[in-house]
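Accompanying notes for the structure given below.
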Amino acid sequence: MAIAMVAAAPAAAIPASSHDATEESGELDMHEYLFGHIGDSYGWHVTTINGHHVTIPLPVIVHGKSGWHVFSSSKLAHGESYKGFRVAEDGEKYAGKVVEQVGSDIVKPFDISITKNVFGLMVNSLVLVILVLLGARWYKKHDAREEAPKGFAGIVEMMVMMVEEDIIKDCVGKDYKRYSPYLLTAFFFIFINNLMGIVPFFPGGANITGNIAITLFLAVCTFLAVNLFGNKHYYKDIIWPEVPSWLKVPLPIMPLIEIIGVFTKPFSLMIRLFANILAGHIMILGVVAVIFLTAKMGIAMNAGLSVIAVAFGIFLDVLELLVAFLQAYVFTMLSSVFIGLSRQEPEAE
Amino acid sequence: MSLITPDFGLLFWMTLIFATVFFVLAKFGFPIITGMVDERNARISESLRKAREAEAALNELSVRQKEMIEQARQEQAAILKDAAQTRDALIAQAKAQASDEAAKIVSQARTQIAAEKESAMAEVRSQLAELSVAVAEKVMRTQLESDKAQVELVNRMVEELSRNQKMN
């Protein structure tokens, strides 16, 4: 996405030059273009200048047959091998991952490399922590009972209180204070990662919240928050719901459905965030790809379609801004609702 | 397909990073902001309550003030009325006293004048008598060369005197 967006503007005027910049072969490899941007990688490919790749090398940390190894990802560039480790090629087992050649076997090592996504995650988390702590610092210097913050601290306060008052307090209910640190962290974590994903150049543009591992982790956190602190009423409703008894004995249909529901709720959280962000990235990438794909159709065609592609790209980018907020909002709201349901007191008869 | 298979390395780092972020923000970030805002909200509602109370007190005060002003006005009117009455009474009294005094003075003056007049008249009369006696003496001395005439005169005069006395 980085090159695509940077190249988009000049591409509209001079299609030939941007065409060169995309692929050395002169042909846009759609598969690599898409998955290079939405997937993970060991180095961070920033841009390509005159056919020369500018890639930020990141540390590869693996534990193979010969113990721990930490080395730069630049050692593995262009399919090279380093200490028996190499990146598996397409069509091979573990394609795109670091693998170890043991004899004739390909073995996947224990791999905790700082990949593009991990590095992006670190940068975004640092940004998030700095922003929130800057907002919180205001209260140390001022008496919050006497005045309300203005400027940056005011925006932070407004956002935090919006989430706290509108989502958490309303959905969780009575003891929402206990859950608000997690839910607030989840909201701002997702929000900042979504926003940074839209930024087309380094260190933004990594598809973090559109990665299933990230959303899986967040969904598991919500799952634990819901099920570890659920009250008696919640568990009773799962195991022995208040439905006609023939739905429970001899075949426990309803309990089964309830138990499945316990898992589908966080599962839907995971898929929703993942799919929305991934789809957003793919849509923008696809629209921008039009510029490069039409390069061979002549200047008039290419220029015309490029203008349309840029217009659509702007539209989709703005749409993604909305989605970035909306998905963070939805994830936090549904988590709050699930937590609220697990804390519900039985209605007084 | 790697797109929908969670990568272990990423999951590992995500756990580490999210836990760190959560720890830092849950300790130094969000609770400070939300706590302070809650405090401020509590203070605002407290201030509002106080303001309402103050307003009520103020209203009560203004009612009382009005009452007091009204009362003062009534008292003022009463005092003024009283003062006017007193003044009128005083003036009337003073007038009466003055006219009494004047009448007294006038009557005194009158009696005095009368007395003066009386004494003046008495003096005039006595002087007139002396004068007339003196005149009479002189006249007598010239006329009463003879004894006979003298006796006659004396008689006449005694007679006159006694008549005069009788008249008085």
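Values in this text are rule-based calculations from the coordinates and carry no lab data. Only a predicted model underlies this, so the values are computations on that prediction, with no experimental measurement involved. Quick reminder, even Gly has a Cβ in these numbers, built from the backbone with ideal geometry, and neighbours come from all protein chains shown.
Here's the list of aspartates and glutamates a cross-link from A:K169 could span, going by alpha-carbon distance under 13 Å and ignoring same-chain residues fewer than 8 apart: B:D38. Applying 1/(1 + (r/R0)^6) with R0 = 41 Å to the Cβ-Cβ distance of B:L16 and A:K150, what FRET efficiency is obtained, to the nearest 0.05? Step by step, r from the Cβ atoms, then E = 0.70. With springs only between Cα atoms under 10 Å, which of B:A96, B:A83, B:A122 fluctuates most in a Gaussian network model of chain B? The residue that fluctuates most here is B:A122. Among B:S119, A:S125, A:S306, A:S41, a tally of other beta-carbon atoms within 10 Å of each Cβ gives an order, fewest to most, of B:S119, A:S41, A:S125, A:S306. Each Lys or Arg adds one and each Asp or Glu takes one away; over the other residues whose Cβ falls under 13 Å from the Cβ of B:M14, this sums to -2. Note on chain A: with a GNM built from Cα contacts shorter than 10 Å, the maximum mean-square fluctuation among A:P203, A:P252, A:P149 falls on A:P252.
The protein assembly as shown: percent of C-alpha pairs farther apart than 32 Å?
66
Using only Cα atoms, find the angle between the long axis of helix A:299-342 and the longest principal axis of chain A, and express it within 0 to 90 degrees, rounded to the nearest 10. The angle comes out near 20 degrees.
Taking every alpha-carbon pair under 8 Å whose residues sit at least 6 apart, region A:99-222 reaches a relative contact order of 24 percent. Distances between every pair of Cα atoms in region A:44-184, grouped in 10 Å steps from 0 to the bin holding the largest one, split as 10, 25, 20, 15, 19, 10, 1, 0 percent. Between helix B:30-143 and chain B, what is the angle of the helix's C-alpha long axis to the longest principal axis, kept within 0 to 90° and rounded to the nearest 10? The two axes meet at around 0 degrees. Given their separation in residues at 0.36 nm each and the Cα-Cα distance between them, B:E53 and B:A84 gain 6.6 nm when the chain is fully extended. Our Cα-only numbers for region A:101-183 put the radius of gyration and Dmax at 20.8, 73 Å. Rounded to the nearest 0.05, the FRET efficiency derived from the C-beta distance between A:M30 and A:D175 at R0 = 56 Å is 0.65.
Neighbours of A:F325, meaning other residues whose beta-carbon lies under 14 angstrom from its beta-carbon, give a summed charge of -3 when Lys and Arg score +1 and Asp and Glu score -1. Evaluated with a Cβ-only charge set (Lys, Arg +1; Asp, Glu -1), region A:120-203 carries a dipole of roughly 260 debye about its Cα centre, given to the nearest 20.
Structural descriptor for chain A: relative contact order 21 percent, calculated from alpha carbon pairs under 8 angstrom and at least 6 residues apart.
What longest region of chain A stays clear of trypsin sites (Lys or Arg not before Pro) that DSSP places outside H, G, I, E and B and that have at most 13 other Cβ atoms within 10 Å? The longest such stretch corresponds to A:175-349. What residue among B:V133, B:V158, B:V106 shows peak mean-square fluctuation when chain B is described by a Gaussian network model with Cα springs under 10 Å? Judging by the Gaussian network model, the answer is B:V158. Across all directions, the shadow cast by the convex hull of chain B built on its C-alpha atoms averages 27.7 square nanometres. Annotation note: GluC sites (Glu not before Pro) in region B:77-168 located in DSSP loop regions with a Cβ neighbour count of at most 10 within 10 Å are B:E145.
Annotation note: GluC sites (Glu not before Pro) in region A:89-119 located in DSSP loop regions with a Cβ neighbour count of at most 15 within 10 Å are A:E89, A:E92. Shown for A:L278, A:L184, B:L16: other C-beta atoms within 10 Å of each C-beta, ranked fewest to most, produce the order B:L16, A:L278, A:L184.
Sort out for me the Cα centre separation of region A:73-113 from region B:87-106, rounded to whole Å. With region A:73-113 and region B:87-106 each reduced to a Cα centre, they are spaced 137 Å.
By how many degrees, 0 to 90 and rounded to 10, does the Cα axis of helix A:116-141 deviate from the longest principal axis of chain A? Long axis of A:116-141 versus the principal axis of chain A: about 50 degrees.
Counting neighbouring Cβ atoms within 10 Å and putting the fewest first, the residues B:D82, A:D317, A:D170 line up as B:D82, A:D170, A:D317.
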